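The values are calculated or read from the model by the stated rules, or taken from the named source; none is laboratory data. Given the structure is predicted, the values throughout are model-derived calculations rather than measurements. Methodologically, a virtual Cβ is constructed for each residue, glycine included, from the backbone with ideal geometry; neighbour enumeration extends over all protein chains shown. Remember, those area values only see protein heavy atoms, side chains included, never the ligands or the DNA or RNA. Shrake-Rupley method; radii C 1.70, N 1.55, O 1.52, S 1.80 Å.
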Amino acid sequence: MAERVPQNFSNHSRLDPPFHFFILPAFSITFGIAIVHLAMHPGLHSAWLVVFMLAALAAVFKIRLYALKVQDRVIRLEERLRLAILLDKPLRSRIGQLSESQLVALRFAPDAELPALVERALSQKLSKADIKKAISQWKPDYWRV
């Protein structure tokens, strides 16, 4: 297996080639063709093709978003468990105050940095980008799609 490039803030987001380079373009192009077909050959069939392709394109986006939401829920659960183990009691009682996006961002923080970063995230209401930028030693997540 090829060596993975170390992950950091600038390279942690990734594309899913089948989705971003095949499925999404194929549906988008077909939607465009359906619009052109409607303009060139107005009628119920052409109009229905546009409606159908719009529905199909919406379904593609919804399916992708559902998968990302499930990943976020799993990450949130994993991070709450990790925080419950690593944080001292006073800070542990505040885990529920972290937003979903903060929890998702905290997954990149190593155990040693986590308590201080959680304290900062809560007291300064850090965004997910601010949390990620504050991490010194990036803990990679290669599973996210």
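On the given criteria, is Q137 at pLDDT 95 or above and over 25 Å from H20 (Cβ atoms)? In short, no. Residue count for segment 94-145 satisfying the condition of being surrounded by fewer than 20 Cβ atoms within 10 Å (Cβ to Cβ) and outside any loop (DSSP other than H, G, I, E, B): 17. Of everything listed in (1) over 30 Å from P140 (Cβ atoms); (2) open to solvent by 100 Å² or more (accessible area, probe 1.4 Å), the single unmet condition for F21 is (1).
The residue list L65, L91, L44 contains one member that is of a type in the set (A, V, I, L, M, F, W, C), within 20 Å of V104 (Cβ to Cβ) and loosely packed, with under 13 Cβ neighbours inside 10 Å, which is L65. Within segment 3-14, none of the residues are among the acidic types (D, E) and closer than 23 Å to K128 by Cα.
Spot the failing condition for S10; the list is (1) assigned to a helix (DSSP H, G or I); (2) surrounded by fewer than 11 Cβ atoms within 10 Å (Cβ to Cβ), and only one is missed. Of everything listed in (1) assigned to a helix (DSSP H, G or I); (2) surrounded by fewer than 11 Cβ atoms within 10 Å (Cβ to Cβ), S10 misses just condition (1).
Yes or no, residue by residue, for (1) within 17 Å of the chain's Cα centre (by Cα); (2) free of Cβ contacts under 8 Å to residues at least 12 places away in the same chain; (3) over 25 Å from S10 (Cβ atoms):
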site	(1), (2), (3)
A84	no, yes, yes
F108	yes, no, no
I135	no, no, no
W138	no, no, no
